[in-house]
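Engineer: Pasting in a structure now, in structure tokens, and then I'll have a few things to ask.
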Amino acid sequence: MADPQSSLVPDPVAGLIDIPLPREVSLWPQTWPARVALVLVCAGIIVAAWRFARTWRANRYRREALRELKQITQMPSHELAMQLSMLVRRTALAAFLREQVAPLSGTAWLAFLDRTSSGTEFSCGPGRWLASAPYARTEPDDDQRSALIALICRWIRGHHA
């Protein structure tokens, strides 16, 4: 039999009411100025990414030329001048109009390199080897070699059209 005392005690949980939960918080900004700012920030990120990608693709020839320059520096001295001259010529053809670069030779070629690098190191410095070394019988000494390689590396990285 059931205990008469237990049936008289009311259930203490039966009278409780659930607490209403607040609405979910939206991640979307609540004010119009905040929404406009969010759209502008997103548009700015997209434009910056597009410009970065465009610049990265446009400078691909520079990265390839620097990679090839690193390989050329390992060559013996008698091949160095000819390979460096061809590398600078190919790099210039990739960066500038063919009609502007292809007919140049000698001092005109060195003057073009000076103009595009904002200096005179090609016509008055170690860059003179680019015009004469492929035809000369003498090889550059170690100081001339390292100065020429450094000059070409600076030109590849910093020439301007």
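Engineer: Which residue pairs have Cβ atoms closer than 8 Å, lie 6 or more positions apart in sequence or on different chains, and pair a first residue in region 71-98 that is within 19 Å of Arg115 (Cα to Cα) and of a type outside the set (Asp, Glu) with a second residue that is at pLDDT 85 or above and surrounded by fewer than 14 Cβ atoms within 10 Å (Cβ to Cβ)?
Structural biologist: These pairs meet every condition: Leu93/Ala102.
Engineer: Hand me the list of helices (runs of 4 or more DSSP H) wholly inside region 89-153 holding 3 or more residues that are more than 28 Å from the chain's Cα centre (by Cα).
Structural biologist: Numbers: elements: 98-101, 106-117, 121-124, 129-132.
Ranges flagged: 106-117, 129-132.
Engineer: Run down Ala65, Ala53, Ala161 and say which single residue is at pLDDT below 85, within 18 Å of the chain's Cα centre (by Cα) and of a type in the set (Gly, Ala, Ser). Reasoning before the result, please.
Structural biologist: Numbers: Ala65 fails: at pLDDT below 85; Ala53 fails: at pLDDT below 85.
It is Ala161.
Engineer: I've got another one for you. From Val41, Val13, grab the single residue that is among the hydrophobic types (A, V, I, L, M, F, W, C), in a loop (DSSP other than H, G, I, E, B) and more than 30 Å from Pro140 (Cα to Cα).
Structural biologist: Numbers: Val41 fails: in a loop (DSSP other than H, G, I, E, B).
Sole residue among the options that is among the hydrophobic types (A, V, I, L, M, F, W, C), in a loop (DSSP other than H, G, I, E, B) and more than 30 Å from Pro140 (Cα to Cα): Val13.
Engineer: Take Met82 and tell me if it is surrounded by 10 or more Cβ atoms within 10 Å (Cβ to Cβ) and in a loop (DSSP other than H, G, I, E, B).
Structural biologist: Working: surrounded by 10 or more Cβ atoms within 10 Å (Cβ to Cβ): yes; in a loop (DSSP other than H, G, I, E, B): no.
In short, no.
Engineer: (1) under 19 Å from Arg62 (Cα atoms); (2) surrounded by 12 or more Cβ atoms within 10 Å (Cβ to Cβ); (3) touching a residue at least 12 places away in the same chain (Cβ under 8 Å): which one isn't true of His160, the others all being true?
Structural biologist: With respect to (1) under 19 Å from Arg62 (Cα atoms); (2) surrounded by 12 or more Cβ atoms within 10 Å (Cβ to Cβ); (3) touching a residue at least 12 places away in the same chain (Cβ under 8 Å), His160 is out only on (2).
The values are calculated or read from the model by the stated rules, or taken from the named source; none is laboratory data. The structure presented is a predicted model; accordingly, all values stated were derived computationally and were not measured. In this analysis, Cβ positions are derived from the backbone assuming ideal geometry, glycine residues included, and neighbour counts consider all displayed protein chains.
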